[in-house]
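Structure first, commentary second.
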Amino acid sequence: MKKNRTARAPESEGEGFSPGRKKILIVDDEQVFLEQLKEALLMSSLDLEIETARDGVDALEKLKLKAQDIVITDIRMPRMDGYALLQEIQKQYPSTYVVVITAFGSVSGAVEAMKYGAYDFLEKPFNMNTLELSISKIIRQQEILAENIELKGRISQYADGLDQLVGANPRMQKLYDQILTAADTNLTVLILGETGTGKELVARSIHSRSDRRAKPFVTINCAAVPENLLESEFFGHEKGAFSGAVSLRIGKFEKAHTGTLFLDEIGDIPLDLQAKILRVIEDGKITRLGSNREIDCDFRVICATNRPIQDMIRKELFREDLFYRISVFPVIIPPLRERKDDISLLVDHFIKKYSAKFGSPVKGVSREAMNQLLAYHWPGNVREMENAVQRAIVSCRSERIETLPDLGRNLHEVVSTPVEEAADAPTIWVDAGGGAGYHEIKQTLIEQFERKYFEHLLKKHGGVIAEAARESGLNYKTFYLKAEKYNLTRKRLRMEDRD
């Protein structure tokens, strides 16, 4: 007898989790395969309602007519392939789960499919039990999510570290499930996301739900450590190993023994050191600098980066073998601009948090302020929003933040405003000279502002681009290109400081 799976579903407009029989759409350009897979699934123990489509275009037409809980799709198809279909489903039907099946499977293909939002990836020929297991996991996940979201718009919060991750958007719900799944394994995890999306929060959440929760959680920001000290930071050193090594130092890998090591911004590790990192991850053995003795270590590795790793591999800036080793379980964090329905939840969360902390009367924001928040593109993601709310609470004297300026200057794309409000910030000025036109003066102002602004942040953070970029709200690549444009290298900054 088939088990009738039911769950209380959140309100939705034409999509979401349907109670009872699950609706599945199979997409493949081979008619014989479509009919065989449909028949096999109907004969399974799962309670399913199944439709078929011949390609991505046909599938989208079917989805317009009827919401589907799960889509099972091939990759290589005419008119619209599986990757394009995946992206359209993410945009139009984010509550629909996608399982990718293909005869052209590869690790990179699986990572690409996961990046586009696929829940699972199966290579033909596959065992029907494997597909049934994947579908069963999706159904169970949908039930759990439906039970935990009483109303659309309610903040989704989980214990043991997940309480700091706020969002009810379907992409965030998938992220929660990935965290819980990763926590139940000992696999190496690669967290991919833009600056400010909360990669360390995700890493801590995975650790705090795992069997290693009572053991150390050790972090290292690979971009913040000077290149000549990185190896010592990772592996430690013996006394006298090099000039300045006045005592024994225990490295991060050794400190993480029995626990978890979080390698943040792993894309910034120099190429020559990547081979050593790979060997340690594979062997579980470290050797301190200045020693020949190998030390066995039991650690779990979680990595994170906002860098385009695939591009770096093509440019031979990142080892391909290390990438495959650290991306056994990839986790993608969506940027804030792709889940704007969570902005009101985040604002409410931060107001409650910081109003209590600062003893402020602020309880909410006006409709005007919220509309402006929703219109902003948030290049610094959740971190930028958190900082903006903190500043607004400190400056606001009423119960409601009325206008956008209350939320902080970084909500505007400032290009010509003098940076002189802060005591330690640089002041800029312009002398365009006689006869200069509007555009020339404007460009001069922009360049003077940018140069002073980036120079100020780099000096503040000792020339560490990753830290300066975080404060600015820009991603690493954008900040680096700006620093290069104005010749703001770490060496030059040190020379100016000596002068």
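Every number in this text was worked out from the coordinates using simple rules, so none of it is lab data. All values derive from a computational prediction rather than experimental measurement. Every residue, glycine among them, receives a Cβ derived from its backbone with ideal geometry; neighbour counts consider all protein chains shown.
Kirkwood Rh, Cα Rg: Rg to Rh for the range 162-332? Numbers along the way, then the final one.
Details: Rg = 16.3 Å, Rh = 16.6 Å.
Over the Cα atoms of the range 162-332, Rg/Rh equals 0.98.
Rounded, prolate or oblate: pick one for the range 22-148, where a ≥ b ≥ c are the square roots of the eigenvalues of its C-alpha gyration tensor, a/c under 1.5 means rounded, and failing that, prolate if a/b is larger than b/c, else oblate.
Values: a/c = 1.19, a/b = 1.11, b/c = 1.07.
Since a/c stays below 1.5, the shape of the range 22-148 is classed as rounded.
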The range 271-323-the range 196-263 distance, computed between alpha-carbon centres (Å): 13 Å
Greater than 23 Å apart at Cα, pairs in 199/315; 91/352; 363/460; 22/66; 352/460; 255/357: 199/315; 91/352; 363/460; 352/460; 255/357
Cβ crowding within 10 Å averaged over residues, with 121-131, 41-51, 267-277 ranked highest first: 267-277, 41-51, 121-131
Contact order relative to length of the range 157-302, as percent, for alpha carbon pairs under 8 angstrom and 6 or more apart: 24 percent
Taking the range 203-288 and dividing mean pair separation by its residue count, relative contact order in percent (alpha carbons under 8 Å, at least six apart): 37 percent
